[in-house]
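Participant: A single structure is presented below for examination.
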Amino acid sequence: MTLRTSQAGWKIFIEIYFMDNMLTCPICGGKAYRTALDCKKFFLTSCKGCKLTRTKLTDLISGPSPDLYMSKSEAEKHYLVQREQFADYAREILDFLPNVNRGSLLDVGCGMGWVVKEAGRRGYVAVGIDPSVPYVNLGKRVLKLDLYRKTLEKFRTRQKFDVIVLNHVLEHIKNPRKFLEKIKYLSSKSGLLLVACPNIDSLMFRLFRCKWYGLVPWQHIWQFSDKTLKMLLQANGLEVIKIKKTNLYYKVPGIKGAVFRLLLWFSNIFQSGDQTFILARPNK
């Protein structure tokens with residue numbers, strides 16, 4: 001079955017395409033960018049001030065890839081085929097938190113809610129928000145989780161959370177400064193922020209360049225390195241506690257799979273993984 005591109009997918013595509021001369025760098029406020037990599041259908045451009053990389057689409061005629069975030073069939077595949085992978089990943093990301101008293105946890109961009117489910121198993125009072133109707137509906141129905149079909153902008157609560165998770169979210173956000181202000185508002189006084197993003201300063205990106213799995217140019221506005229992600233958080237009043245580099249998940253069979261596993265092993269040895277975990281907290 002061919003996936004149709006949703007209205008939301010076209011909106012994201014058009015916004016990314018036409019915003020080239022409108023976005024200021026969320027780290028240094030600069031507006032001057034240079035071309036860092038020409039990938040024919042898109043460019044990667046680098047801020048001249050702080051080196052933050054962002055995506056510039058160039059092929060309006062071909063249109064965006066299908067919006068898998070809004071696809072019911074993709075959500076069902078996620079549960080039926082990939083649930084063990086995502087459950088394992090939820091354990092990995094929550095293992096990055098310090099072993100402290102469990103409190104309240106908010107997962108922003110929760111998808112189906114695997115992090116919420118694992119957090120609840122560990123003793124957190126956990127909730128999740130996500131704009132995807134099929135993913136949230138499936139998580140509520142099948143996993144029996146406390147999820148809300150909301151964007152962060154429209155999420156209204158008086159509660160302050162002890163942990164907030166941004167798992168592969170910030171790279172999608174057009175205005176990270178405004179977004180992080182809301183995150184700080186929702187954090188308790190001793191609250192922690194756990195961020196995961198693809199790491200463009202990685203061995204896998206250097207090898208695969210335009211074909212690197214982590215780029216997702218139709219969806220990812222910003223392409224963070226561990227350094228620029230740290231700089232973004234610090235520029236927005238967050239103290240970085242610790243950083244870990246790990247790797248994205250590659251499901252590649254046969255001989256190619258063996259090669260990929262070897263590459264990922266090397267990237268771990270040389271601390272050049274293509275995914276960054278950062279733990280931060282609001283400055284006191």
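Participant: Among the listed pairs LYS140/LYS227; LYS77/LYS230; LYS174/LYS227, which have their C-alpha atoms separated by more than 28 angstrom in this model? Before the final figure, lay out each step's value.
Facilitator: Details: LYS140/LYS227 36 Å; LYS77/LYS230 34 Å; LYS174/LYS227 19 Å.
The pairs that break the limit, which is 28 Å between Cα atoms, are LYS140/LYS227; LYS77/LYS230.
Participant: On full extension of the chain, what length is gained from ARG261 through ARG122, given 0.36 nm per residue of separation minus the C-alpha to C-alpha distance? If you can, show how the numbers build up before the last one.
Facilitator: On the way: separation 139, 0.36 × 139 = 50.04 nm, distance 3.03 nm.
Residue separation times 0.36 nm, minus the Cα-Cα distance, leaves 47.0 nm.
Participant: Among SER190, PHE155, ASN167, pick out the residue whose Cα is farthest towards the positive end of the charge dipole of segment 150-195, where Lys and Arg carry +1 and Asp and Glu carry -1 on C-beta, about the Cα centre.
Facilitator: Positive-most Cα among the choices belongs to PHE155.
Participant: Something else: With +1 on each Lys and Arg Cβ and -1 on each Asp and Glu Cβ, and nothing else charged, work out how big the dipole of segment 54-200 is about its Cα centre, in Debye to the nearest 20. Before the final figure, lay out the partial values.
Facilitator: Details: 25 positive and 16 negative charges, 145 e Å.
That gives a dipole near 700 debye.
Participant: Here's another thing I want to ask about it. If contacts are Cα pairs under 8 angstrom and at least 6 residues apart, what is the relative contact order of the chain in percent?
Facilitator: 17 percent
Participant: Also, quick follow-up: Please give me the summed charge of the neighbours of GLN275: other residues whose Cβ is under 13 Å from its Cβ, Lys and Arg +1, Asp and Glu -1. Could the numbers behind the result be given before it?
Facilitator: Details: positive: LYS244, LYS245; negative: GLU92, GLU171, ASP201, ASP226, ASP274.
Local charge sum for GLN275: -3.
Participant: Given the options LEU207, PHE260, GLN223, identify the residue whose Cα lies farthest towards the positive end of the charge dipole of segment 170-284 (+1 on Cβ of Lys, Arg; -1 on Cβ of Asp, Glu).
Facilitator: Of the listed residues, the answer is GLN223.
Participant: Assigning unit charges at the beta carbon (Lys, Arg +1; Asp, Glu -1) and nothing else, what dipole magnitude in debye, to the nearest 20, does segment 187-278 show about its Cα centre? Please report the intermediate quantities before stating the final value.
Facilitator: On the way: 12 positive and 4 negative charges, 43 e Å.
Rounded to the nearest 20 debye, it is 200 debye.
Participant: Could you give the nm distance between label points at CYS28 and LYS144, where each point is 7 Å from its Cα heading toward the beta carbon?
Facilitator: Distance between label points: 5.3 nm.
Participant: About the Cα centre of the chain, how large is the charge dipole given +1 on each Lys and Arg Cβ and -1 on each Asp and Glu Cβ? Please answer in debye to the nearest 20.
Facilitator: Numbers: 46 positive and 23 negative charges, 90 e Å.
Dipole about the Cα centre, nearest 20: 440 debye.
Participant: What length, rounded to one decimal in nm, is gained on full extension from ASP38 through to ASN101, with 0.36 nm per residue of separation minus their alpha-carbon distance? Write down the numbers at each step before the final one.
Facilitator: Numbers: separation 63, 0.36 × 63 = 22.68 nm, distance 4.80 nm.
Contour length minus the Cα-Cα distance gives 17.9 nm.
Participant: Can you find, among THR35, PHE179, THR276, the residue sitting farthest towards the positive end of the charge dipole of the chain, where Lys and Arg contribute +1 and Asp and Glu -1 at Cβ?
Facilitator: PHE179
Participant: Here's a follow-up. Given a Förster radius of 22 Å and the C-beta distance between GLU181 and LYS242 as r, what FRET efficiency does 1/(1 + (r/R0)^6) yield to the nearest 0.05? Numbers along the way, then the final one.
Facilitator: Details: r = 23 Å, r/R0 = 1.05.
Efficiency for this residue pair is about 0.45.
Participant: Taking the alpha-carbon centroid of each part, what is the distance from segment 234-262 to segment 179-219 in angstrom?
Facilitator: 11 Å
The numbers here are math on the coordinates, done by the rules we state, and not lab data. Note that this is a predicted model, so its numbers are computed, not measured. Methodologically, a virtual Cβ is constructed for each residue, glycine included, from the backbone with ideal geometry; neighbour enumeration extends over all protein chains shown.
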